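Presented below is the structure to which this report refers.
Any read-out appearing in this document is the output of simple, stated calculations on the displayed coordinates, not a laboratory observation. As the structure is a computational prediction, the values presented were derived from the model and not from experiment.
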Amino acid sequence: MKQLYTFILALAVIAALRLPAHAQQPAPDSAAQDSPIASPYHVKAQFAGGIGFLSAGVGRSFFKDRLETDLFLGYLPESIGGDRITTTAIKITYVPVKALKYKAISWQPLRTGIQVSYTFGDEYFAFEPHDKYPKSYYGFSTALHGSILLGGQVDFARVNKLNRFAAYYEFGSSVEYIISYVQNPKYLGPGKIFNLALGVRMKL
């Protein structure tokens, strides 16, 4: 939990240092509000999504916000997960279609991505220890996971005082769950292999 608090505090300091620079700029007119904010960097806060109950991240956008890369640190408290679990993740998100504009907001109806996460702890392993378990006993890494993501995002690009914010949602599934579902669809239904993440992004 201490690592997550430290990470969130660092993100808050970065955001606070960026605010004065934006405050000194003249207020944009209606035409300027339609253009993306110059800074390609952002911070995120996320609920669930396979990387903890709560997670915080920092990232960068490329190609006019069509591609995003993020680094997250998440935490699952013992009261919810039965054990204290800290996870870090790298996420790459691609937007294949143009955003739809509705008055003051823009909606990205389709965002695709991949995520690689690592769970810390002596009880988790990236490679199966053969001195503890028979060969192929688990079949998958318990610490390192790859996931496929599909979702969308609502940008408040033309909302006064909220033009640096966006809210997103993601449905994801780990590669292990997808393979297990293909091998045994009767045991694992679609509702068991997918997870939902909800998050907020703030441009710096």
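Per residue, the Cα convex hull of region 47-103 amounts to 106 Å³. Size descriptors for region 60-204: radius of gyration and Dmax over Cα atoms are 18.2, 61 Å.
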